[in-house]
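S.K.: Could you have a look at this structure, given as structure tokens, before my questions?
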Amino acid sequence: MKKLGFGLMRLPLLEQNGEKKVDFPTVCQMVDDFLARGFTYFDTAYMYHDFQSEYIIRDALVRRYPRDRYLLTTKLPTMYLKEKEDMERIFCEQLEKCGVDYFDCYLVHNLNTNHYATAQRLGAFEFVVQKKKEGKVKAIGFSFHDTAEVLDRILCDHPEVDVVQLQINYLDWESERIQSRKCYEVARKHGKPIIVMEPVKGGALAKLPPAAEAMFKRYAPDASAASFAIRFAASLPGVCMVLSGMSDREQLDDNTAYMGDFAPLTEEEVQMTMTAADIINGAIAIPCTACGYCTVDCPMNIAIPEYFSLYNLEQRSKNGGFTVQGVYYKNLTRSRGKASDCIGCAQCEEKCPQKIEITRWLCEVKREFEDNYEE
């Protein structure tokens, strides 16, 4: 099986009547091309694209291809579990939304210390094991965002899982906040195959600071920056799949080109990624991947990922005076809460896989775009 998986979190969008909608015809074309080039793995989740991603993959893939042409993974959303009965209800809903009789892989979603406590209290691992026994799930596991110590505890408690999904990329490899390398080593110690998510860190490793971009271009003029990031993850022993949240056909064409006949990174290329990480860490203010988990149930409806993206662009492009980021910020605040509307409840920080101090950075966004911005 080829190592590139189609992540369905960041599908192509169209703007209609002031709202962004998934560009369904383009999704269908991308699914067709992905399968035609020999790739088979699709990854979705309950809440992706405002709870529509599972419907979209049903219509773009399941209803258009035989069941043996693809592998489909979705996840049990720990963040929406309150009672034990929620698991059966949501699982049945997911089967119906996806239009399948079984999932090739079913993951307990987004485990960290808090969500693991929920999973333990409700018996989530026992639930997915039962679904595997019933033949409604072929493989089980969990996706994870926390420290290596917590990961080790979960894998010691639940050796029955078949796979673990980790955030691994060269920018986070030595990060003490994300602990990509340490988590990878724990999974290897337990002998678990690894699915990689966020190999391009929400696009941060596709659009690099000029110095890092120039370094890669000198080495391989025709290779994309993203190709080094995805190949870094795919080169690691024990990694069975690398997910890419492809947002347009250009990204899909690029990814499938170099992953169709995959060549692991050379030692020189690995060293280049480490150099690039140093450059990027000096240029990115807020390491946000725009996953959107922080906005779930935000009482002030603040567009946190969008504001952080504008802030990062502002810090990289500002030369004094007018910048277009301020215009985009004001446009967004017409329908969403401003950064200054934050009440400091910090529930967003509990949900953030990147462990970002969101409330503190919202104060910086306020300073940049509300206190200092002049039309």
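The values are calculated or read from the model by the stated rules, or taken from the named source; none is laboratory data. The structure displayed is predicted, hence computed values, not measured ones. Every residue, glycine as well, gets a Cβ built from its backbone with ideal geometry; the counts of neighbours run over all protein chains shown. We work out accessible area using only protein heavy atoms, side chains counted, and drop any ligands, DNA or RNA first. Shrake-Rupley method; radii C 1.70, N 1.55, O 1.52, S 1.80 Å.
S.K.: Residues that are closer than 18 Å to residue 127 by Cβ and in contact with a strand residue (DSSP E or B) (Cβ under 8 Å, 6 or more places away or on another chain): find the helices (runs of 4 or more DSSP H) completely inside the range 46-103 holding 2 or more of those.
M.R.: The helices (runs of 4 or more DSSP H) meeting that bar are 85-98.
S.K.: Okay, moving on. Out of 256, 289, 295, 275, report the one residue that is open to solvent by 20 Å² or more (accessible area, probe 1.4 Å), in contact with a strand residue (DSSP E or B) (Cβ under 9 Å, 6 or more places away or on another chain), hydroxyl-bearing (Ser, Thr, Tyr) and touching a residue at least 24 places away in the same chain (Cβ under 8 Å).
M.R.: 295
S.K.: Select, from 100, 129, 163, the only residue that is touching a Cys at 6+ places or on another chain (Cβ under 7 Å) and surrounded by fewer than 24 Cβ atoms within 10 Å (Cβ to Cβ).
M.R.: Step by step, each of 100, 129, 163 is checked, and only 163 is touching a Cys at 6+ places or on another chain (Cβ under 7 Å) and surrounded by fewer than 24 Cβ atoms within 10 Å (Cβ to Cβ).
S.K.: Of all residues in the range 227-253, count the ones that are open to solvent by 20 Å² or more (accessible area, probe 1.4 Å), among the hydrophobic types (A, V, I, L, M, F, W, C) and not in a strand (DSSP E or B).
M.R.: Qualifying residue count for the region: 1.
S.K.: Scan the range 168-188 for residues that are open to solvent by 10 Å² or more (accessible area, probe 1.4 Å) and not aliphatic (A, V, I, L, M) and jot them down.
M.R.: Matches in the range 168-188: 173, 174, 175, 176, 177, 179, 181, 182, 184, 185, 188.
For every residue, the table says whether it meets (1) under 30 Å from residue 231 (Cα atoms); (2) touching a helix residue (DSSP H, G or I) at 6+ places or on another chain (Cβ under 7 Å); (3) open to solvent by 20 Å² or more (accessible area, probe 1.4 Å).
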position	(1), (2), (3)
1	yes, no, yes
12	yes, yes, no
16	no, no, yes
25	yes, no, yes
29	yes, yes, yes
34	yes, yes, no
53	yes, no, no
69	yes, yes, yes
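S.K.: So if I check each of 123, 191, which one is on the phi > 0 side of the Ramachandran plot and open to solvent by 30 Å² or more (accessible area, probe 1.4 Å)?
M.R.: Matching residue, one of 123, 191: 191.
S.K.: Also, I was wondering about something else. Does residue 79 count as open to solvent by 40 Å² or more (accessible area, probe 1.4 Å) and touching a residue at least 12 places away in the same chain (Cβ under 8 Å)?
M.R.: Here the answer is yes, as residue 79 does meet what is asked.
S.K.: Something else about it: Select from the range 129-147 the residues that are closer than 11 Å to residue 76 by Cβ and either within 22 Å of the chain's Cα centre (by Cα) or of a type in the set (Lys, Arg) (or both) and list them in ascending order.
M.R.: 131, 140, 141, 142, 143
S.K.: Scan the range 104-120 residue by residue and report those that are of a type outside the set (A, V, I, L, M, F, W, C), open to solvent by less than 60 Å² (accessible area, probe 1.4 Å) and either under 16 Å from residue 163 (Cβ atoms) or in a helix (DSSP H, G or I) (or both).
M.R.: Residues satisfying the conditions are 104, 106, 109, 110, 115, 116, 118.
S.K.: Restricting to the range 328-345, and then to whatever is hydrophobic (A, V, I, L, M, F, W, C) and either surrounded by 14 or more Cβ atoms within 10 Å (Cβ to Cβ) or touching a Lys or Arg at 6+ places or on another chain (Cβ under 7 Å) (or both), can you tell me which residue is nearest to residue 284 (Cα to Cα)?
M.R.: By that ranking, first place goes to 339.
S.K.: Out of everything in the range 146-156 that is touching a residue at least 24 places away in the same chain (Cβ under 8 Å) and of a type in the set (Asp, Glu), what residue ends up being nearest to residue 190 (Cα to Cα)?
M.R.: Among residues in the range 146-156 that are touching a residue at least 24 places away in the same chain (Cβ under 8 Å) and of a type in the set (Asp, Glu), the one nearest to residue 190 (Cα to Cα) is 152.
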